[in-house]
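Single-structure report; data block below.
The values are calculated or read from the model by the stated rules, or taken from the named source; none is laboratory data. Just so it is clear, the structure is predicted and the values come from calculations on it, not from any experiment. Heads up, the Cβs are rebuilt from the backbone with ideal geometry, glycines too, and the neighbour counts pull from every protein chain shown. Side chains included, ligands, DNA and RNA excluded: accessible areas come from the protein's heavy atoms. Shrake-Rupley method; radii C 1.70, N 1.55, O 1.52, S 1.80 Å.
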Amino acid sequence: MRKQMTEMLKGTLEGIVLAVLSGRSAYGYEITARLREQGFSDLVEGTVYALLVRVEQRGFVDVEKIPSEKGPPRKVYSLNAQGREQLDEFWHSWTFLAERIEQLRLTQTEGDK
Amino acid sequence: MVARWIESLTGALEQKKEYRRDKARLDALPEPYRSAAAAMHRYLNYCGGIVDGETLIAMIGDLADLWERAAADGTPLREIVGADPVEFAEAFAQAYEGQHWIDKERARLTEAIDRAEREEGK
């Protein structure tokens, strides 16, 4: 179960993070904390950080360095126009997949009867 | 050894300086973050497969940001690397779309299949 969840998350985490950022800008830890609150309890900060690095490299987010009381400045990520486009595409793919998979499940349940 | 290798790769003095500065940031971390960061750095150099200097420098800078933040917040190590550090390091390396040594072989495979396909069409 856990392994399967990890595999499924791999393909969707980018969209999930972009969706979190579409509400408002955030820094890495805030994003991780919010997702953990929502039940992604196994999610670690490093995974989210690696993903943020990736979306930054691909130009989906703008990054601003905000000084913090201790340690290095915090990198605050906000979704830009290109990121919004990517997020739209994600929702589109997600809807397609979710509908087809649900259809499969219904067909299977019918067959079980 | 890695430092000499990177010099031959990057050439540019500015890049070298930046690399050294970021490397020094990793070395200055308090334990256990220093050991974890050093191990990750080694793995990324070894298995990241990245060949262009600019990407390598962006990567080490991000690595330093990550571990300095973790050290400042006192985040437990496992909260950063998760249950499988290898998987984490690889996800991290994959974030960089720089040139990888495997790219040449990938292009070769693609080209070979294209060529074979043309033969098929005849």
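A loss of 20 Å² or more of accessible area (1.4 Å probe, protein heavy atoms, ligands and nucleic acids excluded) relative to the isolated chain is seen in these residues of the stretch A:48-72: A:TYR49, A:ALA50, A:VAL53, A:ARG54, A:GLN57, A:ARG58, A:LYS70, A:PRO72. Give A:LYS70/B:LYS17; A:LYS3/A:LYS70; A:LYS65/B:LYS17; A:LYS10/A:LYS65; A:LYS10/B:LYS17 a once-over and call out the pairs whose C-alpha atoms are over 30 Å from each other. Table pairs above 30 Å Cα-Cα are A:LYS3/A:LYS70; A:LYS10/B:LYS17. To the nearest ten degrees, helix B:33-47 and the longest principal axis of the Cα atoms of chain B are 10 degrees apart.
Rg then Dmax, both in Å and based on the Cα atoms of the stretch B:2-120: 17.4, 61.
Remark: chain B carries 61 Å² of accessible area per residue (probe radius 1.4 Å; ligands, DNA and RNA excluded). For chain A, the C-alpha radius of gyration divided by 2.2 N^0.38 Å, with N the number of residues, is 1.27. Take the Cα pairs of the protein assembly as shown, get the Kirkwood Rh, then feed it into Stokes-Einstein at 25 °C and 0.890 mPa s and tell me D in µm²/s. It diffuses with D of about 122 µm²/s by this estimate.
Using a Förster distance of 45 Å, how high is the FRET efficiency between B:LEU77 and B:ARG106, based on the Cβ-Cβ distance and rounded to 0.05?
Between B:LEU77 and B:ARG106 the formula returns 0.85.
In this assembly, the B-A interface accounts for approximately 1700 Å² of buried accessible surface in total, computed with a 1.4 Å probe and without ligands, DNA or RNA. The helix-based estimate of mean residue ellipticity at 222 nm for chain B, built from -39,500 (n - 2.57) per DSSP H run of four or more residues and divided by its residue count, is -25000 deg cm²/dmol to the nearest 500. Carbon-plus-sulfur accessible fraction, the stretch B:2-120 (probe radius 1.4 Å, protein heavy atoms only): 54%. Taking the helices alone, chain A has a mean residue ellipticity at 222 nm of -23500 deg cm²/dmol, built from -39,500 (n - 2.57) per DSSP H run of at least 4 residues and averaged over all its residues. Annotation: peptides B:61-70, B:112-121, A:43-52, A:86-95, ranked by per-residue average of other Cβ atoms within 10 Å with the highest first, follow the order A:43-52, B:61-70, A:86-95, B:112-121.
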